[in-house]
Amino acid sequence: MPKNELPPGPKGTLIGGSLAEFNTNRLDFFLRLAREYGDLASFRLGPHRMFFPSHPDLIEQVLVTDAKHYVKHFGARVYKPVLGNGLVTSEGDFWLRQRRLSQPAFLKNRVLTYAPVMSNLTCAMLARWRPGQRVDIGYEFNGVTSAIALKTLFGLDDVGDREEFVNSLRNTFDLLSLRFRDLIPIPLWVPTPRNIRTRRAIAHLRRVVDGFIAAGRARKEPGDDLLSRLVSARDEDGSRMTDQQLRDEAMTLYLAGHETTALTLTWSWYLLATHPDAEAKLVEEWSRVLGGRSPTPDDLHKLPYTDAVIAEAMRVYPPVYLIGREATCDLELGGYRVKKGTTIFMSQWVSHRDPRYFADPEKFYPERWLDGLAKRIPKYAYYPFGGGPRVCIGNTFALMEAAILLATVGQRYKFTIDPDTVLAFNPQITLMPTNGIPATLAMR
Ligand code: HEM
């Protein structure tokens, strides 16, 4: 019989529970929960009771074994005004249909065909760079992964004023993230100053994405991109996706598909610039295997150290550091009763630092992946792409993109991080650096 009481955890304050710590010091808060209360902890955010499993078997139970009894948690719903009923935020039969329609575009053979676009757009970025130039690493990689997403997903070469578009996206997400922190978010239709700004930002984004869809529909020949597939995709009964569905899916794939990969590259370069031994080994691998070229799909399996660097960067600084689910019925987890409506949080930031599976976990040490570690540890000790039926649809795409960009950039340039940079994290949906990563470019 599962226990009816709650797993151990902090009491917090009378009204907010642990809300203040969750909002101001989220990464440390989750680490402390696992260290002080063990493999299954609980805490309260305002009226909501949360479970926090940090043992791989419990995480597997939520993400895989009991997946059909969970939906995405309330935080995911906060982003619905932008992501609508796209793959990330939809549920049930609707989600399954969209996932099946989208899946073929993400199979390995198709993803490999995107490799030339990835290296060409990276070379276009390098052509704009100059030795001695000061850059924000995060900004640069966001720009190039955004261009790659627009081309491979929507067949678009240019979005016109990219800067305005990227800023508008950021602005919308910053505003929506504030709602995630509210105890009880005020409905968006209530005309508070913040709601008015949020609604304007969303309307702006919708206009941009409607432009993508119109361009996709206007093309005479359906392109090789995902949007073209979705535009022409027909259900078994012959019906097509409505403009609203297309917009939701386009927005979802664009957003899910570029910022996470940009962060993987940003954190990789930060870690390499501060770990010259690892960087030297990487440069040696590239010079031996590639000799100055961008990697082609045939090269990718010959770059084990590159793969290890990417895996280790996603371990130390996971771009998605938190996944949430909500129980749709009464369940059991780790011997405790999970009441219907309970939220379960799982954190890659915490799991990836578990000393039971990663020796010296704070250390950036790519070599740990070279002798079969991935096979020795439990599957859900390391899960940068989540798992189960809702596992990231773009994981092959992302890993290939990261390897191509790392090698293409790293054979031409190196980054020197500004010495007065103080690393600070801004954990929203993804794990961003608070003040960017300012650096100076030098030729390799
Ligand atoms: C390093 C880069 C990436 C990371 C770390 C990452 C991480 C994740 C994680 C952890 C999830 C599961 C979230 C959950 O279970 O609640 C997810 C889902 C998803 N990702 Fe990624 N992702 C990356 C790149 C991409 C790319 C390149 C695309 C598309 C081009 C993409 C599209 C999606 C979509 C559509 C989902 C929702 C899948 C579903 O629920 O059916 N991601 N991602």
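The values are calculated or read from the model by the stated rules, or taken from the named source; none is laboratory data. The structure presented is a predicted model; accordingly, all values stated were derived computationally and were not measured. Using ideal geometry, Cβ is built from the backbone for each residue, glycine included, and neighbour counts are taken over all protein chains shown. Each accessible area value is taken on the protein alone, full model and side chains, heavy atoms only, with ligands, DNA and RNA left out. Shrake-Rupley method; radii C 1.70, N 1.55, O 1.52, S 1.80 Å.
Here are the numbers for the structure shown:
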item	result
Where trypsin sites (Lys or Arg not before Pro) fall in DSSP loop in segment 1-104, at most 10 other Cβ within 10 Å	Lys11
Neighbour net charge for Pro355 - beta-carbon separation under 14 angstrom, K R +1, D E -1	+2
DSSP beta bridges in segment 19-443 [antiparallel fraction, %, rounded to 5]	95 percent
Projected label distance in nm at Arg288 and Met443, using a 7 Å step from Cα toward the beta-carbon	2.6 nm
The chain: most fluctuating residue of Thr421, Thr328, Thr396 per GNM, C-alpha cutoff 10 Å	Thr421
Mean residue ellipticity (222 nm) of the chain, computed from DSSP H runs ≥ 4 via -39,500 (n - 2.57), nearest 500	-15000 deg cm²/dmol
Using a Förster distance of 30 Å, the FRET efficiency for Glu91-Arg206 (Cβ separation, nearest 0.05)	0.85
1.4 Å probe accessible area per residue over segment 60-155, in Å²	42 Å²
Label point 7 Å beyond Cα of Leu112 along Cβ direction - residues of segment 302-343 with amide nitrogen under 15 Å	302-303
Shape category assigned to segment 19-443 from the gyration tensor of Cα positions, a/c cut at 1.5	rounded
Farthest toward positive dipole pole in the chain [+1 Lys/Arg, -1 Asp/Glu at C-beta], among Thr152, Thr65, Ala115	Thr65
Shape call, segment 167-285: gyration tensor on alpha carbons, a/c limit 1.5	oblate
Lys, Arg +1 and Asp, Glu -1 on Cβ, resulting dipole of the chain about Cα centre, debye, nearest 20	780 debye
Dipole magnitude of segment 342-444, debye to nearest 20 (Cβ charges: Lys/Arg +1, Asp/Glu -1, about Cα centre)	340 debye
Segment Glu36-Tyr139, extension gain: residue separation times 0.36 nm, minus the distance between their alpha carbons	33.4 nm
Accessible area per residue, Å², segment 212-257 with all protein chains present, probe 1.4 Å	50 Å²
Heavy-atom accessible area per residue - segment 338-444, 1.4 Å, Å²	42 Å²
With every protein chain in place, segment 54-101: carbon and sulfur % of accessible area (1.4 Å)	56 percent
For segment 357-444, projected area of the alpha-carbon convex hull averaged over all directions, nm²	8.0 nm²
Segment 337-428, accessible surface, carbon-and-sulfur percent (1.4 angstrom probe)	57 percent
Inter-site label distance for Gln103 and Ala218 at 7 Å from Cα along Cβ, in nm	3.5 nm
Accessible area of segment 276-325 belonging to carbon and sulfur atoms, whole % at 1.4 Å probe	57 percent
Across Lys151/Lys375; Lys11/Lys72; Lys302/Lys363; Lys68/Lys375; Lys151/Lys414, pairs whose alpha-carbon gap is larger than 30 Å	Lys151/Lys375
Long-range amide H partners of Tyr336 with built H, under 5 Å	Lys3
Given charges at Cβ of Lys, Arg, Asp, Glu: segment 1-61 dipole, positive-most of Ala34, Asn23, Thr13	Thr13
Shape call, segment 23-85: gyration tensor on alpha carbons, a/c limit 1.5	oblate
